[in-house]
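Heads up: the structure comes next, in structure tokens.
Please treat every number below as a calculation from the coordinates, not as lab data. Just so it is clear, the model here is predicted, and its values are computed rather than measured.
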Amino acid sequence: MIYIGIVAGIVLLELFIKGYIEKNKTEGKIEEKCGGFLWIRKYHNKGAFLNFMEKNKTLVKAVSIALCVMLTVLFLLTLGKKGSTLLKSGLALLLGGAYSNTYDRMHRKYVVDYFSIHVPKGPFKKLSTVVFNIADFCIMIGAMLVVIAVY
């Protein structure tokens, strides 16, 4: 089924990219790409989004696992329904991102983030300080799709 393929594709892509970043990049060093719009940079996030609760890694792991379990159950229940394409797509994106970041938390003890969007000036210039990974975007887009599908 395509939705399971989406989940697996995200996880495998992120395993590959994060492994590459871990082996080949130095934390703190910035490589500019796309005319300086994207920065490739290795960062170890020891908490949740923006290092939230980095001092309580055990709770972050527990919440991450619990959310993965709940989303997996919902995903499996939804897979059997006809239609619900938007909901299934959103859940697949959410799960792929969640599995990837949860895997990092369990095995590496931190999440590997590796790119930033560089905004040199203006109201969004603080965005340059945030380091993301593809899983983060999958989680955000998936969550938006689920909300749209439900309402």
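With only the Cα atoms considered, the range 2-73 has a convex hull volume of 128 Å³ per residue. The equivalent ellipsoid that matches the C-alpha gyration tensor of the range 84-131 spans semi-axes of 27, 19, 6 angstrom, in descending order. The angle between the Cα long axis of helix 134-150 and the longest principal axis of the Cα atoms of the chain comes to about 40 degrees, rounded to the nearest 10.
Computed from Cα positions, the angle between helix 85-107 and the longest principal axis of the chain comes to roughly 50 degrees. Straight-line cross-link reach from residue 29 at under 24 Å between alpha-carbon atoms covers these lysines, not counting any fewer than eight positions away in the same chain: 18, 42, 46, 109, 121, 125, 126.
The orientation-averaged projected area of the convex hull spanned by the Cα atoms of the chain comes to 10.2 nm².
For the chain, the longest principal axis of the Cα atoms and the long axis of helix 2-24 meet at an angle of about 20 degrees.
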